[in-house]
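**Q** Quick one: the structure is below, questions incoming.
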Amino acid sequence: MGRNDATKTKTKRGGSASGDDEATQLENVRGLRATPQGVVDDDDESDKGSHVSDNVAGKGQELLSLLQHVDHSKLIALLQSGALGGETADDTARARALVKIVRRTLWPLLPQEDKDKFDEDCSYGTNGVPDYTSLHWTALFESVDPAVEAKPSLEDYPHHPFINGRSRVPPSEVTKRLKLPVNTKHATVDTELKGLQDKQVRPLLRLSMHGLEQSAVDLTTMADTELTAFAQSAQKLLRTQSQYILMLHADIVRRRKHVAMQVLGLSEKEATGEETSSATSLFNQKDFDRMRNTVDFRDQVHKLTQKLEPKRKQPFKKSKKKRFPNRRDDSGETTGTDRQPQEKDDSSGTPKKAAAKKTSRTPSAKSSGRGSK
């Protein structure tokens, strides 16, 4: 007690230098416990920390939007195996390779509207790579529809003189039977396969013969300069063959779409787009817009006319039906609509009923099995 009182008295009087140092150290220790280390209470530092947190929140939202299209079970498996980083890098490399393929080899075969859309998507993507999934890339490669002048030339790859790739004519009896209504399905299948063979498969057969000839060459007997020329020729052949394979694939997908549209009720010209194409149709887009506006105007006028017309009361019509149509009187006869009309006998003048009673049918001799005597 005396020691504590002496300490308090010394503190009140100002104390010594050692007492002041101990109090200062005690306050510093309390401040360190209250405030975490490395954190400075300053306005600039707080602004910087809020800016960093906003950036982290924005990146988190972008990550969540990307993860919405990913299978959660596969994502968990990838995180557990530690292969997510490598898989993402591989997907980015594949996307860049596809962009290079589209720019160098597929670009002349795409329609103009698909080219414009691909350019726009690349501009919004990261480092010129569009944010495409497998569905988008497949749709892009299926949209190959080159015009006649844009198709790859096959002048350097003539037909093999011993291989005939043309579709042959069936016998006359088969042609006659295909015209019958019973064989309509078979006739349609034969027509589609014939067109597919002549337009798409025949060029592939033409290219495949040159590819087989190049694959049979012995490369060990060639010099370095010959190997370089051979590699360039093989690269050109492979590119042309790949382009025609893509054209075949896109043509089959396009024909299936046309068939599905015709099943839903469209005509053949409407399904193929010939009816609305600006190159073949009499009407252009301006004419279609004018007709569409006319239809909307008529519909609007019809609706307004119905709302502006005064409501007319329907005239009251008295029902002609009797209240008790099947009521019977005391004599057992029906009164009302079910009562049968009566006729007068011409000879006696007395009324008689129109419907005669049904007599019971007696079994005949044949039905009873007894013969006539």
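Derivation of every value follows stated rules applied to the coordinates shown; laboratory data play no part. Given the structure is predicted, the values throughout are model-derived calculations rather than measurements. For neighbour counting, all protein chains shown are included, and Cβ atoms are generated from backbone atoms with ideal geometry for every residue, glycine included.
**Q** State the extension gain, in nm to one decimal, for the chain segment bounded by L196 and K317, taking 0.36 nm per residue of separation less the distance between their alpha-carbons.
**A** On the way: separation 121, 0.36 × 121 = 43.56 nm, distance 6.95 nm.
Full extension of this stretch gives 36.6 nm more.
**Q** Enter the Cα centre distance for the pair the range 226-245 and the range 266-310, rounded to the nearest angstrom.
**A** Cα centres, the range 226-245 to the range 266-310: 50 Å.
**Q** I'd like the FRET efficiency for L154 and M291, computed as 1/(1 + (r/R0)^6) with the beta carbon distance as r and R0 of 45 Å, rounded to 0.05. It would help to have the intermediate numbers written out before the result.
**A** Working: r = 44 Å, r/R0 = 0.97.
The value I calculate is 0.55.
**Q** Mind giving me the nanometre distance, one decimal, between the label points for K307 and S167, set 7 Å out from Cα along Cα→Cβ?
**A** Placing both labels 7 Å beyond Cα along the Cβ direction yields 5.7 nm.
**Q** While we're on this one: Net charge around A139, counting only other residues with Cβ within less than 11 Å of its Cβ (Lys, Arg = +1; Asp, Glu = -1)?
**A** Numbers: positive: K117; negative: D114, E142.
Result for the local shell: -1.
**Q** A follow-up question, please. Net charge within 13 Å of F297 by Cβ-Cβ distance, Lys/Arg positive one each and Asp/Glu negative one each, not counting F297 itself? Working shown, then result.
**A** On the way: positive: R290, R292, R298, K303; negative: D289, D296, D299.
Surrounding charge for F297 is +1.
**Q** Of K117/K257; K115/K269; K194/K286; K115/K236; K176/K199; K269/K303, which ones are farther than 28 Å apart at the Cα?
**A** Values: K117/K257 22 Å; K115/K269 25 Å; K194/K286 39 Å; K115/K236 23 Å; K176/K199 25 Å; K269/K303 34 Å.
Pairs exceeding the cut-off: K194/K286; K269/K303.
**Q** Rounded if a/c is under 1.5, else prolate if a/b beats b/c, else oblate: with a ≥ b ≥ c from the C-alpha gyration tensor eigenvalues square-rooted, which is the range 81-151?
**A** Cα axes put the range 81-151 in the prolate bin.
**Q** Calculate, for L66 and H186, the FRET efficiency according to 1/(1 + (r/R0)^6) with r their C-beta to C-beta distance and R0 51 Å; round to the nearest 0.05. Don't skip to the answer; put the middle values down first.
**A** Values: r = 51 Å, r/R0 = 0.99.
Taking R0 as 51 Å, the efficiency between L66 and H186 is 0.50.
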